[in-house]
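Report on the structure given below.
The values are calculated or read from the model by the stated rules, or taken from the named source; none is laboratory data. Keep in mind that what you see is a predicted model, and the values were worked out from it rather than measured. Virtual Cβ from ideal backbone geometry, glycine too; neighbours counted across all protein chains shown.
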Amino acid sequence: MRVAAYAAQGPETPVEPFEIDRRNLQPNDVLIEITWCGVCHSDIHTARNEWGRTRYPVVPGHEIVGRVSAVGADVTRHKVGDTVGVGCLVDACLACPACADGDEQYCEKGSIGTYGGTEPVIGGPTFGGYSKQIVVRDAFVLKVSDKLNPAEVAPLLCAGITSWSPLKHWNVKKGDKVGVIGLGGLGHMGVKFAVAMGCDVVMITTSPEKGADAKRLGAHDVLISGDRAAMKAHRGSFDFLLNTVPVKHDLNPYLMLLARNATMVLVGAIEPLEEMHGGLLLAGRRRLAGSGIGGIEETQEMLDFCAAHGVTSDVEIIAMKDINTAYDRVVKGDVKYRFVIDIATL
Ligand code: NAP
Ligand code: ZN
């Protein structure tokens, strides 16, 4: 099936119109007419080969919302007309211990990414959501409540689950002092979720001008990371830190913020980091950890929580042709707080 899309052909080229092949519907497949697709910073890292492993052409996009237009013969959990979502994963073995635990993102046979993975039926790379239609195995298709604005739901499929999963895994609870580092796509969802969980939330940002927004999103306090005196005043006080900084940076000032036994979880910088001082971990038995997106079941739980509590992403809608300008703005931190492509404009 030929499908209209937008792709990057190389690290220096813009993201431009392109045609891709999607596999024909298999018995367990769902065909989705994509209506909205969020723009994750990972799309930019990948399109520009900043992680050094991009296979071109790449069609980015893993924050997909759309409507089911056909289902394979064996599909029971989705039907034509349903509003559905697809995140960063489109397949996994579903049999290994990681998959059995609901951690399909850590599948021991290798999960298949929505873009840049290997298409299991027709071969070649998988292509993401900057396209009109996508064919996805039913188990990887999420149900989206029609109570929520679908454009504002799209970013939940990556930015949302990536912030939600560590808060749940590390049992962050009511009353905990939680710091969210970086007010971008992931960070603004981290603030919303931690606030909804009843935490005492501090937005930790390099951008003083984002302080008012952080408060509007529900943060109780704002900490400017470049303000040494303020950083010192918060030293040793956080129960949990969610670090969404997208590039190599100095972790030491943030580690100093952790209380005894507390954990900082990295979800942003997927690259070599600056030197870290081991003493900061020994002192107070602090922990540094990482987390990648989330499993399918917990993604559904997060979407259901959002429907029940009216939580969605703050979005700026763009036309497909404006994607390259949007990329430049994300890199400058100039987005409130997620661009979402109106796929009707493709
Ligand atoms: P984003 O919208 O660009 O937000 C990142 C924020 O980090 C910026 O808005 C900025 O906030 C802050 N920041 C930027 N450069 C910084 C620097 N040099 N030092 C300190 N802070 C800095 O990006 P995103 O879409 O949220 O994604 C964040 C990162 O997570 C990306 O690298 C992405 O690839 C990665 N990611 C990981 C997963 C996963 O599974 N773990 C999933 C999705 C995305 P302030 O202006 O407030 O400082
Ligand atoms: Zn993403």
Criterion first (of a type outside the set (Gly, Ala, Ser), touching a strand residue (DSSP E or B) at 6+ places or on another chain (Cβ under 9 Å) and closer than 16 Å to residue 38 by Cβ) does residue 341 satisfy it? yes
Could you check region 311-346 and list, in sequence order, the residues that are assigned to a helix (DSSP H, G or I), within 15 Å of ligand 1 (Cβ to nearest atom) and aliphatic (A, V, I, L, M)? 323, 326, 330, 331
Tell me which residues, restricted to region 159-187, are crowded, with 24+ Cβ neighbours inside 10 Å, out of contact with any Pro (no Cβ under 9 Å at 6 or more places or on another chain) and farther than 13 Å from residue 293 by Cβ. 167, 178, 179, 180, 181, 183, 187
Take residue 85 and tell me if it is under 28 Å from residue 325 (Cα atoms), part of a strand (DSSP E or B), within 16 Å of ligand 1 (Cβ to nearest atom) and touching a strand residue (DSSP E or B) at 6+ places or on another chain (Cβ under 8 Å). yes
Counting only residues that are assigned to a helix (DSSP H, G or I), touching a helix residue (DSSP H, G or I) at 6+ places or on another chain (Cβ under 8 Å) and either within 10 Å of ligand 1 (Cβ to nearest atom) or farther than 16 Å from residue 308 by Cβ (or both), how many does region 145-159 have? 3
What is the one condition in (1) of a type outside the set (Phe, Trp, Tyr); (2) within 13 Å of ligand 1 (Cβ to nearest atom); (3) in a loop (DSSP other than H, G, I, E, B) that residue 299 does not satisfy? (3)
Can you run down the residue pairs with Cβ atoms below 7 Å, 6 or more apart or on separate chains, where the first is in region 127-142 and of a type in the set (D, E, K, R) and the partner is in a loop (DSSP other than H, G, I, E, B) and surrounded by fewer than 24 Cβ atoms within 10 Å (Cβ to Cβ)? 132/346; 137/28; 138/28; 138/75; 138/77; 138/78
Looking at region 76-85, is at least one residue among the aliphatic types (A, V, I, L, M), within 14 Å of ligand 2 (Cβ to nearest atom) and modelled with pLDDT of 95 or more? no
So if I check each of 141, 71, 135, which one is surrounded by 21 or more Cβ atoms within 10 Å (Cβ to Cβ) and over 23 Å from residue 40 (Cβ atoms)? 71
From the list 225, 207, which one is closer than 27 Å to residue 42 by Cα and touching a Ser or Thr at 6+ places or on another chain (Cβ under 7 Å)? 225
Any residue that is surrounded by 17 or more Cβ atoms within 10 Å (Cβ to Cβ) and at positive phi - is there at least one of those in region 103-117? yes
Residue 190, sole failed condition from (1) within 16 Å of ligand 2 (Cβ to nearest atom); (2) assigned to a helix (DSSP H, G or I); (3) touching a Gly at 6+ places or on another chain (Cβ under 6 Å): (3)
Taking the condition surrounded by 14 or more Cβ atoms within 10 Å (Cβ to Cβ), more than 14 Å from ligand 1 (Cβ to nearest atom) and in a strand (DSSP E or B), does residue 262 pass? yes
Return a yes/no flag: does region 77-86 have any residue that is in contact with an Asp or Glu (Cβ under 8 Å, 6 or more places away or on another chain) and of a type in the set (Lys, Arg). yes
